[in-house]
Amino acid sequence: MKTGLVLEGGAMRATYTIGVLDVLMENKITFDGIIGVSAGAIHGVSYAANQPGRNIRYYKKYASDKRFMSFYSLLTTGDIVGKDFCYNEIPWKLDPIDNETLKNSKTEFYAVVANVETGKSEYIRINDLKDPNQMEYLRASASMPLVSKMVEVDGKKLLDGGITDSIPLKAFQNMGFKKNVVVATRTDSYVKTEEQPFLSKIVYKKYPNFVNAVIRRPKMYNDEKEYILGEEKKGTVFLIRPMAELDISRTDTDPDHLERIYRIGRKDAERRLEELKKFLNG
């Protein structure tokens, strides 16, 4: 039975995920496949490249840099996350990704993107970030609507995959990964409420399918969460999620705050490590 690792996004809330993944890597836990959404995709790459410590290291060192994620970047470039700094300077110069390990890995890695024109998800295999298109797909997965430009690659217009498939367990099961570990960044009692799509209707008026996806997102998210809880009861899913809502905003870049959320993720993974091993080996 193929094993999978499913990673929810959540911007800086997903610093929790970094803590979980570092514990898994330190304990040599591997999977046949990994699928990540938004920040989950960003962190999943370091997992696929087997680089424990990398994400929290560069987050703490560079997250407060105005070129990383800031309204300065938004105002000067149109993207709240700096494209050149985050997808060129950091991965190739300041804290390099181990692209050779990623290329040679037996683990299949996928990033989820939202196609703005169709309003549907696409699941993109990534195994070589030296390929500029693959890096663009990764960037698209984490490009939050309203504060990011659409990413255009292979003739498609793309944005954050969390809009169309926030926790892609079912999609991964359909791809053949039947025993899955899901790392969520919300509690099991969290319910996403309706958001007013006023701005989206204006900004994306040429893309009604995407606007409809934004409107449907709360129901999609809540349905996915209930599905995951059901699969957990069946024994096909091992769910790691915070016990209490994480006290950090989506755009918090304070190194101390990031370290605190990272430590919560580590603690939760360490607490359930033996249980997780039994699940994967059973």
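Net charge near ASP95: determine it from the other residues with C-beta under 10 Å of the C-beta of ASP95, scoring Lys and Arg +1 and Asp and Glu -1. Charge balance in the 10 Å sphere: +3. Within the chain, what whole-number % of the accessible surface is contributed by carbon and sulfur, with the 1.4 Å probe and all protein chains included in the calculation? Whole-percent figure for carbon plus sulfur exposure: 50. For LYS120, the residues whose modelled amide H falls within less than 5 Å of its own, excluding neighbours fewer than 5 places apart on the same chain, are ASN115.
Calculate, for TYR190 and LYS61, the FRET efficiency according to 1/(1 + (r/R0)^6) with r their C-beta to C-beta distance and R0 35 Å; round to the nearest 0.05. Efficiency at R0 = 35 Å is approximately 0.70. Among the GluC sites (Glu not before Pro) within the range 226-261, those in coil by DSSP and having at most 15 neighbouring Cβ atoms inside 10 Å are GLU245. Gain on full extension, evaluated as 0.36 nm per residue between TYR227 and LYS201 minus their Cα-Cα distance, stands at 6.4 nm. Each Lys and Arg contributes +1 and each Asp and Glu -1, all at the Cβ; summed about the Cα centre of the chain, the dipole is approximately 300 debye. From the Kirkwood radius over Cα pairs of the chain, Stokes-Einstein at 10 °C and 1.306 mPa s returns a whole-number translational diffusion coefficient of 85 µm²/s. For the range 58-127, the Cβ-based charge dipole about the Cα centre amounts to some 140 debye (Lys, Arg positive; Asp, Glu negative; other atoms uncharged). Across the range 166-232, Cα-Cα distances exceeding 14 Å account for 64% of all pairs. Short-range pairs are left out: with C-alpha atoms under 8 Å and at least six residues apart, the relative contact order of the range 68-141 is 21 percent.
Per residue of the chain, the DSSP helices (runs of n ≥ 4 H) give a summed -39500 (n - 2.57) that works out to -12500 deg cm²/dmol at 222 nm. How large is the Kirkwood hydrodynamic radius of the range 117-262, counting all unique pairs of alpha carbons, in Å? Radius from the Kirkwood sum: 17.1 Å.
Kirkwood's formula applied to the C-alpha pairs of the range 4-127 gives a hydrodynamic radius of 15.1 angstrom. Using the Cβ-Cβ distance between THR236 and ARG271 with R0 set to 25 Å, the FRET efficiency works out to roughly 0.70. For the peptides 28-35, 156-163, 69-76, 14-21, the ranking by mean Cβ contacts within 10 Å, running from highest to lowest, is 14-21, 156-163, 28-35, 69-76.
In order along the range 87-103, the Karplus-derived 3J(HN,Hα) couplings, from 6.51 cos²θ - 1.76 cosθ + 1.60 at θ = phi - 60°, round to 10, 9, 4, 5, x, 10, 10, 7, 8, x, 6, 7, 5, 5, 5, 4, 5 Hz, and Gly and Pro are given as x. Amide H contacts under 5 Å for GLY9: VAL37, GLY40, restricted to partners 5 or more places along the chain or on a different chain, H placed in the peptide plane at 1.01 Å from N. Histogrammed with a bin width of 5 Å, the alpha carbon distances of the range 1-53 distribute as 5, 22, 35, 26, 10, 2, 0 percent, first bin at zero.
Over 22 Å between Cα atoms: which of LYS60/LYS267; LYS2/LYS120; LYS60/LYS278; LYS60/LYS157; LYS103/LYS278; LYS179/LYS233 fall into that group? Over 22 Å Cα-Cα: LYS2/LYS120; LYS60/LYS278; LYS60/LYS157; LYS103/LYS278. For the range 46-77, trypsin sites (Lys or Arg not before Pro) meeting the loop criterion (DSSP other than H, G, I, E, B) and having at most 14 other Cβ atoms within 10 Å: LYS66.
Between the residues LEU74, PRO168, THR251, the greatest Cα displacement towards the positive end of the dipole of the chain, with unit charges on the Cβ of Lys, Arg, Asp and Glu, is found for PRO168.
Probing with 1.4 Å while keeping every protein chain in the model, the per residue accessible area of the chain equals 45 Å². Close amide-amide hydrogen proximity is noted between ASN127 and no other residue 5 or more places distant or on a separate chain, at a cut-off under 5 Å (H modeled in the peptide plane; Pro and chain starts excluded).
The values are calculated or read from the model by the stated rules, or taken from the named source; none is laboratory data. Fair warning: this is a prediction, and the values are worked out from it, not measured in the lab. Ideal geometry is used to build each Cβ from the backbone, glycine not excepted, and the neighbour counts take in all protein chains shown. Keep in mind that these areas ignore ligands, DNA and RNA; they rest on the heavy atoms of the full protein, side chains included. Shrake-Rupley method; radii C 1.70, N 1.55, O 1.52, S 1.80 Å.
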